[in-house]
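So the structure is just underneath, and the comments pick up after that.
Every number here is computed from the coordinates shown, using simple stated rules; none is lab data. Predicted, not measured: the structure shown is a model, and the values here were computed from it. Note that we place each Cβ from the backbone using ideal geometry, even for glycine, and neighbour counts take in every protein chain shown.
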Amino acid sequence: MINIAICDDDKAFTGIVEQLLRRTAAAWEIDINCEVFFDGSALVQAITEQQMCFDLIYLDIEMTDMDGIQAALALRKAEIPALLVYISVHEEHLKELFCTEPFRFLSKPINEAAFLDVFLSACERIRQRTGYFTFSYKKALYRIPFGQITYFESSSRIITIHLPQWNTETANARQTSFYGKMNDIEKQVTALNGRFLRVHQSFLVNFDYIRTMSATEIEMLDDRVIQISEDRRKAARARFAALAGVKGDKHERTVIS
């Protein structure tokens, strides 16, 4: 199931997008659930206060209450990793969108071929995020969705799973530490999910929670800075570039978009 939000103050247009999504999903046998919002503040409130969870958000830019850029900034500040697809006639805002880490931009009126391409690409990205990391602690089994793991940290053979700050209450109610070896964790994770990269002997990081990467360090969406060990820099940067779709290895600092 892919949970999708549509946010646009044009009610007729939200109906068009929802119809397109349902028709496309049915044709490709993809199970989806759609929710519609008519202003950015309602969307942000539903996610941050009502704990609604979306994998994919279609977002207009100019809305009467809270516009799409403000809404997206609020979601990123809350460390919501949903994929953002802007749909707008206002292409002049493209530079402003960069700081909200959008997945794609679609112009109005919608071109159905472009819409299909973006939707299928988003589904593939979401599919890569799905699944659970499973571990045992004191003879009990636990599992945590990969999409909710920001990074794994190893210290004195104790593995700690770090979750987003917006999920603090849930994290406090969960078992997130256990005994293990990071090499074994890396093998287990990479066999099931292709979104993690090893940047240090002690850190295995989820690409979707990285804000920027330089030659020597990673800055996470929660502002945490993680050092890249010297012996892993080349491999980490190559892996990062592959996930980001960046060609070559001459960029000094890459920003996720």
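Dipole size in debye (nearest 20) for the chain around its Cα centre, Lys and Arg Cβ +1, Asp and Glu Cβ -1?
1640
Can you give the extra length, in nm with one decimal, that the chain gains between THR212 and THR64 once fully stretched, where that is 0.36 nm per residue apart less the Cα-Cα distance? Write down the numbers at each step before the final one.
Numbers: separation 148, 0.36 × 148 = 53.28 nm, distance 3.20 nm.
So the extension gain works out to 50.1 nm.
Quick one: which residues, 5+ away or cross-chain, put their amide H under 5 Å from the amide H of VAL36? H built at 1.01 Å from N.
ILE6
What translational diffusion coefficient, in µm²/s and rounded to a whole number, does the Stokes-Einstein relation yield for the stretch 1-105 at 10 °C and a viscosity of 1.306 mPa s, taking the hydrodynamic radius as the Kirkwood radius over Cα pairs?
Details: Rh = 13.7 Å.
The diffusion coefficient I find is 116 µm²/s.
For the stretch 107-114, what does the Karplus curve 6.51 cos²θ - 1.76 cosθ + 1.60, with θ = phi - 60°, yield as ³J(HN,Hα) per residue in whole Hz, taken in order and with x for Gly and Pro?
8, 8, x, 6, 8, 5, 5, 5
Of ALA235, VAL205, SER88, which is farthest on the positive side of the dipole of the chain, counting Cα position, with +1 on Lys and Arg Cβ, -1 on Asp and Glu Cβ, and the Cα centre as origin?
ALA235
For LEU106, which sequence-distant residues (separation of 5 or more, or a different chain) have an amide H within less than 5 Å of its own amide H, given hydrogens modelled in the peptide plane?
Amide H neighbours of LEU106: TYR86, ILE87, SER88.
Give the aspartates and glutamates whose C-alpha is closer than 14 Å to that of LYS187, dropping any in the same chain fewer than 8 places away, or say none.
Result set, ordered by chain and number: empty.
Mind putting together the pair-distance distribution for the chain? All Cα pairs, 5 Å bins, whole percent per bin, short to long.
Whole-percent P(r) values from 0 Å outward: 1, 6, 13, 16, 18, 16, 13, 9, 6, 2, 1, 0.
How much net charge surrounds ALA25 when only the other residues with a Cβ under 13 Å from the Cβ of ALA25 are counted, with Lys and Arg +1 and Asp and Glu -1? Write down the numbers at each step before the final one.
Values: positive: ARG22, ARG23; negative: GLU18, GLU29, ASP31, ASP55.
Taking every Cβ under 13 Å from that of ALA25, the sum is -2.
Among residues other than GLU230 whose Cβ falls under 13 Å from its Cβ, what is the net charge (Lys/Arg +1, Asp/Glu -1)? Present the calculation step by step, with values, prior to reporting the outcome.
On the way: positive: ARG232, ARG233, LYS234, ARG237; negative: GLU217, ASP231.
Net charge around GLU230: +2.
Using 0.36 nm times the number of residues separating ALA244 and ALA26, minus their current alpha carbon distance, what extension gain do you get? Can you show the working numbers first?
Details: separation 218, 0.36 × 218 = 78.48 nm, distance 2.93 nm.
75.5 nm is the gain from fully extending ALA244 to ALA26.
What are the ³J(HN,Hα) couplings of the stretch 17-23, residue after residue, when phi is run through the Karplus curve with 6.51, -1.76, 1.60 and θ = phi - 60°? Round to Hz, x for glycine and proline.
5, 4, 4, 4, 4, 5, 5
If one takes the longest principal axis of the Cα atoms in the chain, at what angle in degrees, from 0 to 90 and to the nearest 10, does the Cα axis of helix 233-244 lie?
Computed tilt is about 20 degrees.
Need one number: convex hull volume per residue for the stretch 109-166, Cα atoms only, in Å³.
Numbers: hull volume 6.7 nm³, N = 58.
Each residue corresponds to 116 Å³ of Cα convex hull volume.
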